[in-house]
Amino acid sequence: MGETLPRPSISIVMPAYNEIQNIETAVKSSLSVLSSDCDDYEVIVVDDGSTDGTSHLLDEMAAKYPALRVIHHDRNYKFGRTLRDGIAAARKDLIFLTDSDNPIDMEDMKKAIPLMGEYDFVNGRRLAREPSLKRILYTEVYNQMIRSIFGLKTQDVNFSYRMVKRELLQKLKLKSEGSFIDAEMMIEAKRAGGRLREIPIMYYPRTLGESTLASPSVIIKILYEMSAYILRRVFNSQNAGK
């Protein structure tokens, strides 16, 4: 008989802001998949100052499901801070990062697990496109910028499907407060010697609630944080050479 592989130890981390219509499905589907494939697992939801009842619903669910851990922000700190807090709280060997608006079939999380013996970071590439032409354009331009500027060989830098070894994430000193953290995480993982792999995953556009990730303010924040990251890299490089 063949050797029985150990069952993985996984933390699922998802930020949430005003996701009253989506969060229950996101949490239940995550717990269902984890319980079928893991003995050691947790779901961490970081509530980023929600005002629509998401906070109360999460507390009710946490009382019912011991594997659910909820972190509450006292106000809306935005995506980067929220993701960093979730990563810092994670206690399992593998961390799976996704969003709380159900962008994937959680069963697809399992596709990354067999790859974690050879790789440290598995990133998802969307098989389906965004529903709006504006989002398609923004995504394509942004991905091309990241590839050109940072030499990152990835087709989809900001898809909410990532499985990363916790020991690698603990080495990364992520600074971004906004959505540039997706790119920063991959760039820094590569610089730290992480082995990256990208796999195709079906994407399901949001059907409930409203996304703000393509708003002008978010795009401006991404460009600002990208510039700040480049300047930090140049400054650190110059100081290292002294």
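The values are calculated or read from the model by the stated rules, or taken from the named source; none is laboratory data. Given the structure is predicted, the values throughout are model-derived calculations rather than measurements. For neighbour counting, all protein chains shown are included, and Cβ atoms are generated from backbone atoms with ideal geometry for every residue, glycine included. Heavy atoms of the whole protein, side chains included, go into the accessibility calculation; ligands, DNA and RNA do not. Shrake-Rupley method; radii C 1.70, N 1.55, O 1.52, S 1.80 Å.
Quick notes on this structure:
- Complete set of residues in region 82-93 that are open to solvent by 30 Å² or more (accessible area, probe 1.4 Å), part of a helix (DSSP H, G or I) and closer than 24 Å to Arg7 by Cα: Ala88
- Selection count, region 171-189, where residues are assigned to a loop (DSSP other than H, G, I, E, B) and either farther than 21 Å from Tyr77 by Cβ or in contact with a Cys (Cβ under 8 Å, 6 or more places away or on another chain) (or both): 1
- Within region 59-81, no residue satisfies the criterion of being at pLDDT 95 or above, closer than 26 Å to Val218 by Cα and in a helix (DSSP H, G or I).
- Filter result for His72 (surrounded by fewer than 19 Cβ atoms within 10 Å (Cβ to Cβ) and under 23 Å from Glu177 (Cα atoms)): yes
- Contacts under 6 angstrom Cβ, first residue in region 101-118 being open to solvent by less than 40 Å² (accessible area, probe 1.4 Å), partner of a type in the set (D, E, K, R), 6 or more apart: Asp101/Arg206; Leu115/Arg197
Listed here are the residues, each with its yes/no results for (1) in contact with a Lys or Arg (Cβ under 6 Å, 6 or more places away or on another chain); (2) more than 22 Å from Leu31 (Cβ to Cβ); (3) surrounded by fewer than 19 Cβ atoms within 10 Å (Cβ to Cβ).
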site	(1), (2), (3)
Ile95	yes, no, no
Thr98	no, no, no
Leu127	no, yes, yes
Ser148	no, yes, yes
Arg197	no, yes, yes
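- Residue that is farthest from Lys110 (Cα to Cα), among those in region 153-176 that are open to solvent by 10 Å² or more (accessible area, probe 1.4 Å) and modelled with pLDDT under 90: Lys153
- Here is the figure for region 20-58: residues that are among the hydrophobic types (A, V, I, L, M, F, W, C), part of a helix (DSSP H, G or I) and touching a helix residue (DSSP H, G or I) at 6+ places or on another chain (Cβ under 7 Å) total 5.
- Single unsatisfied condition, Met61 versus (1) in contact (Cβ under 8 Å) with a residue 24 or more places away in the chain; (2) closer than 22 Å to Arg162 by Cβ: (2)
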